[in-house]
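Structure first, then comments.
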Amino acid sequence: MLRPGRRLAALVVRVLALAGPVDINTADAATIARELNGIGDSRARAIVEFREKNGRFASPEDMLKVSGIGPQVLKLNRDNIRTGQPAKAAGQP
């Protein structure tokens, strides 16, 4: 049997594994809330509203411009955030 701390760590790993890739430039709020960790309905709506007002997100880091989205949320989701633009190869501008 796992100790309480290890049970929590195992649960967190399982929950994080459930998140899936989502294009924040095309997804609706329900999809964003469902697929990204630490993003509930309210934050997901804020992401969509920001996008509608300010245009496309150029990179995952642009989510930090949305009220309520901080570095920890970005860190949790960076690998699953898509912006509809191809990833740049290392060393390319």
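The values are calculated or read from the model by the stated rules, or taken from the named source; none is laboratory data. Because the structure is a prediction, the values reported are computed rather than measured. Cβ placement follows ideal geometry from the backbone for every residue including glycine, while neighbour counts extend to all protein chains displayed. Keep in mind that these areas ignore ligands, DNA and RNA; they rest on the heavy atoms of the full protein, side chains included. Shrake-Rupley method; radii C 1.70, N 1.55, O 1.52, S 1.80 Å.
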- Label-point gap, in nm, between Asp23 and Lys75 - each point 7 angstrom along Cα→Cβ: 3.0
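What ranking do 51-64, 29-42 get when scored by the average of other Cβ atoms within 10 Å per residue, highest first? Kindly include the intermediate steps, with their values, before the conclusion.
Working: 51-64: 14.0, 29-42: 17.1.
Highest to lowest by the protection proxy: 29-42, 51-64.
Leaving out ligands, DNA and RNA, and with a 1.4 Å probe, what % of the accessible surface on segment 23-67 is carbon or sulfur?
On the way: 1140 of 2470 Å².
Here carbon and sulfur together make up 46 percent of the probe-accessible area.
Quote to one decimal, in nm, the extra length available between Glu49 and Leu64 on full extension: 0.36 nm per residue of separation minus the C-alpha distance between them.
On the way: separation 15, 0.36 × 15 = 5.40 nm, distance 1.39 nm.
Stretched out fully, the Glu49 to Leu64 stretch lengthens by 4.0 nm.
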